[in-house]
Amino acid sequence: MKSDRPPPKNRNFSGTNPRNNNSNNQRHRNPLQIFIFTLLFLAIGLLCSAIYLSRQLDLKHHALSSNVHKNNGDDGRPGAASVHSNNNAVEKKKGLVIKEIPADKLPKGNVNEYHKKVQSTANNQASKSASATILQLPNAYTSKTITDFSNFKQYPHDRLYCMIPFIWNYPIYTAIMSTWGQRCDTIHFLTDAMVGGQLNGDHISFDTNGDSNSEQQETTKPYWEYPPNTFPSNVKFINMTRNWECPPTFNRKTGRTEQKVCRHIWEKMWRSWVYVDEHHSNDAEWFCKVDYDTFFFPDNFKYYVRDVKDWDPVGDYHYFGHVIEHRKRKDAPMVVGASACWSQKTLKDIAQVYRNMPKGSTKGERGKCEDRAHATEEVTTSQCLREHLNIEPEAARDDQMREYITIDKYPLVLTWNRTEQGEWWYWKGKPKDAGQMEDTIARRPIGIHKYKKPEEILTLWEEFYGPSGNEALEMVGRGRHGVVAKRFVEQVRKAMGIDP
């Protein structure tokens with residue numbers, strides 16, 4: 001018999017009592033919903049906090065930037081936007097205080113560990129004193145290492161000016177000045193006007209590791225706000241219209257907000273060369289821009305320009321180094337930034353080009369000789385030389401087609417096999433008979449690149465200039481590609497006259 005009762009509005013297909021089932025779901029669903037909503041509100045709260053902190057950091061950055069630009073005006077105050085306005089004050093400061101480590105204090109153990117200990121000592125001294133004190137070590141810390149270069153061939157008519165583009169870094173400065181820097185006739189560190197933090201690759205660290213007594217700065221400030229004699233006299237500050245500090249960014253890998261470096265290297269370079277032309281163009285016949293992570297051989301440079309090439313630096317244009325041609329647009333050759341060198345005549349004429357070129361462009365790279373943000377320094381340098389002076393880059397290679405300047409660490413470069421690896425970008429445009437593998441690098445190298453740590457620079461000095469069989473040289477043979485690398489170092493030492 002059919003019932004006249006209407007069917008239930010909510011059908012239940014589980015075979016259970018719908019009223020009881022709804023009641024159970026109500027009881028189980030309420031705690032779950034509360035938990036989900038709680039998590040949601042927490043997430044929204046954390047997101048808002050992160051946005052607020054980020055905006056506060058941006059405001060702090062912009063306030064600092066505006067202070068810099070305010071002091072970079074043309075009103076004659078310290079930091080006016082010229083390339084040399086602040087250097088007179090620097091010139092008046094006292095010279096470096098040099099301390100030499102006695103021979104009886106020299107290391108007998110692991111040289112790398114000693115390097116780290118020396119750098120730690122240097123850093124502590126730097127933080128405790130405002131005076132510019134440099135640890136002048138007896139060339140790689142052994143009394144037998146070359147301290148007298150009088151037996152080296154002299155080149156009185158080939159004086160060398162070494163210019164290092166720099167963000168102030170005491171340990172790196174000390175390492176360079178304690179090693180190859182002493183072999184330049186003049187060496188200057190062309191440094192950004194804003195100083196502070198610790199440079200680590202492309203990032204600036206302000207981490208004090210929770211130490212409230214740490215003297216490491218939590219931000220940057222203009223160099224003129226530091227006490228007198230804080231910086232050595234061969235550090236020249238270049239005022240720029242663009243700040244090197246990018247806005248802080250959040251690094252998802254580390255979970256921390258980091259200060260990244262905006263590399264406005266092109267503006268820094270052309271301003272630096274204008275400064276050099278105005279103040280030091282008659283102090284040398286040859287001028288080299290050397291990256292801080294390039295281990296440079298000034299004596300080998302002079303050997304190349306005089307004994308190999310016999311060039312005239314005063315009457316002829318020369319722009320040379322390691323030439324690459326891998327760029328697709330017109331395949332224009334250029335000299336890599338590791339070490340780029342030119343003659344006195346080139347310096348004087350290109351400085352005038354830089355003074356007259358258009359300034360302040362915000363557009364991207366477009367094949368023009370002009371001042372613009374985020375320009376590639378090597379590309380624009382080559383463009384200006386080609387466009388205004390008809391100068392093409394010259395590849396520094398020996399008679400066996402081996403490069404005098406490397407773009408990577410020498411043990412690795414000595415393994416590059418063009419035959420097996422194919423025509424990757426490094427080989428593009430190079431002569432078919434260019435040296436490869438053990439014949440990639442000349443035996444009197446001018447520069448070897450990618451040595452960013454102070455202890456690496458100090459170790460290289462001992463490898464190439466230390467006594468025969470020294471510990472650093474022996475360690476080369478134990479490293480990756482050790483046999484090939486050690487053989488190369490021994491051949492370089494013999495070619496330079498270090499070993500018989």
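The values are calculated or read from the model by the stated rules, or taken from the named source; none is laboratory data. Because the structure is a prediction, the values reported are computed rather than measured. Ideal geometry is used to build each Cβ from the backbone, glycine not excepted, and the neighbour counts take in all protein chains shown. The protein model used for the area step is the full one, side chains on, heavy atoms only, and it has no ligands, DNA or RNA in it. Shrake-Rupley method; radii C 1.70, N 1.55, O 1.52, S 1.80 Å.
Kindly list, by first and then second residue, each pair from a residue in the range 183-212 that is part of a loop (DSSP other than H, G, I, E, B) and β-branched (Val, Ile, Thr) to a residue that is at pLDDT 85 or above and surrounded by fewer than 17 Cβ atoms within 10 Å (Cβ to Cβ), limited to pairs with Cβ atoms under 6 Å and residues at least 6 apart or on different chains.
Listed pairs, sorted by first residue: none to list.
Test each condition in (1) surrounded by fewer than 22 Cβ atoms within 10 Å (Cβ to Cβ); (2) modelled with pLDDT of 75 or more; (3) in contact with a Leu (Cβ under 7 Å, 6 or more places away or on another chain) for Pro248 and report the one that comes out false.
In the conditions (1) surrounded by fewer than 22 Cβ atoms within 10 Å (Cβ to Cβ); (2) modelled with pLDDT of 75 or more; (3) in contact with a Leu (Cβ under 7 Å, 6 or more places away or on another chain), Pro248 misses (2) alone.
Against the condition open to solvent by 50 Å² or more (accessible area, probe 1.4 Å) and over 23 Å from Ala175 (Cβ atoms), how does Glu474 come out, does it pass?
In short, no.
I'd like to know if the range 479-500 contains one or more residues that are hydrophobic (A, V, I, L, M, F, W, C), modelled with pLDDT under 95 and surrounded by 15 or more Cβ atoms within 10 Å (Cβ to Cβ).
For the range 479-500, residues hydrophobic (A, V, I, L, M, F, W, C), modelled with pLDDT under 95 and surrounded by 15 or more Cβ atoms within 10 Å (Cβ to Cβ): present.
When you check Thr241 against the structure, is it modelled with pLDDT under 95 and hydroxyl-bearing (Ser, Thr, Tyr), yes or no?
For Thr241, the condition - modelled with pLDDT under 95 and hydroxyl-bearing (Ser, Thr, Tyr) - is met.
Would you be able to say whether some residue in the range 453-462 is in a loop (DSSP other than H, G, I, E, B) and closer than 16 Å to His322 by Cβ?
No, the range 453-462 has no match at all.
Of the residues in the range 382-399, how many are part of a helix (DSSP H, G or I) and either open to solvent by less than 40 Å² (accessible area, probe 1.4 Å) or closer than 11 Å to Pro333 by Cα (or both)?
Matching residues across the range 382-399 total 6.
From the list Ser233, Ser212, which one is at pLDDT 65 or above and open to solvent by 10 Å² or more (accessible area, probe 1.4 Å)?
Checking each option against the conditions leaves just Ser233.
Whether any residue in the range 372-381 is farther than 23 Å from Asp277 by Cβ and not in a helix (DSSP H, G or I) is what I want to check.
Yes, the range 372-381 contains at least one residue that is farther than 23 Å from Asp277 by Cβ and not in a helix (DSSP H, G or I).
For the list (1) over 30 Å from Ala495 (Cβ atoms); (2) at pLDDT 50 or above; (3) of a type in the set (Lys, Arg), I need the number of the one condition that Arg159 fails.
The number of the failed condition is (1).
Let me spell it out: the conditions are (1) touching a Ser or Thr at 6+ places or on another chain (Cβ under 9 Å); (2) outside any loop (DSSP other than H, G, I, E, B); (3) buried (at least 18 other Cβ atoms within 10 Å of the Cβ), and Glu438 meets all of them except one. Which number is the exception?
Only one criterion in (1) touching a Ser or Thr at 6+ places or on another chain (Cβ under 9 Å); (2) outside any loop (DSSP other than H, G, I, E, B); (3) buried (at least 18 other Cβ atoms within 10 Å of the Cβ) is unmet by Glu438, namely (3).
If you check Tyr303, Tyr317, which single one turns out to be over 22 Å from Val274 (Cα atoms) and open to solvent by 50 Å² or more (accessible area, probe 1.4 Å)?
Tyr303
In the range 351-362, is there at least one residue being open to solvent by 20 Å² or more (accessible area, probe 1.4 Å) and touching a Gly at 6+ places or on another chain (Cβ under 7 Å)?
no
Please enumerate the residues belonging to the range 347-366 that are touching a Ser or Thr at 6+ places or on another chain (Cβ under 9 Å) and in a loop (DSSP other than H, G, I, E, B).
Once the filter is applied, which keeps residues that are touching a Ser or Thr at 6+ places or on another chain (Cβ under 9 Å) and in a loop (DSSP other than H, G, I, E, B), the range 347-366 yields Lys359, Gly360, Glu365.
What pairs come out if I take residues in the range 382-403 that are on the phi > 0 side of the Ramachandran plot and touching a residue at least 24 places away in the same chain (Cβ under 8 Å) and pair them with residues that are of a type in the set (Gly, Ala, Ser) and surrounded by fewer than 20 Cβ atoms within 10 Å (Cβ to Cβ) whose C-beta lies under 7 Å away, six or more apart or interchain?
From residues that are on the phi > 0 side of the Ramachandran plot and touching a residue at least 24 places away in the same chain (Cβ under 8 Å), the pairs are Met401/Ala434; Met401/Gly435.
Only one of these is within 24 Å of the chain's Cα centre (by Cα), within 30 Å of Ala495 (Cβ to Cβ) and crowded, with 20+ Cβ neighbours inside 10 Å: Ala375, Ala338. Name it.
Ala338
Taking the conditions exactly as written (farther than 25 Å from Phe149 by Cβ and open to solvent by 30 Å² or more (accessible area, probe 1.4 Å)), does His279 satisfy them or not?
Against the criterion (farther than 25 Å from Phe149 by Cβ and open to solvent by 30 Å² or more (accessible area, probe 1.4 Å)), His279 qualifies.
Given the criteria over 19 Å from Phe295 (Cβ atoms), in a loop (DSSP other than H, G, I, E, B) and of a type in the set (Lys, Arg), does Lys430 qualify?
So Lys430 passes the test.
Return yes or no: is Leu412 in a helix (DSSP H, G or I), modelled with pLDDT of 95 or more and more than 24 Å from Phe295 (Cα to Cα)?
The answer is no for Leu412.
Hey, Thr419 hits all of (1) more than 20 Å from the chain's Cα centre (by Cα); (2) not in a helix (DSSP H, G or I) but one; which does it fall short on?
If we test Thr419 against (1) more than 20 Å from the chain's Cα centre (by Cα); (2) not in a helix (DSSP H, G or I), just (2) comes out false.
Yes/no matrix, rows are residues, columns are (1) closer than 21 Å to Gly497 by Cβ; (2) assigned to a loop (DSSP other than H, G, I, E, B):
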residue	(1), (2)
Arg444	yes, yes
Tyr451	no, yes
Phe464	yes, no
Ser468	yes, yes
Ala472	yes, no
Val476	yes, no
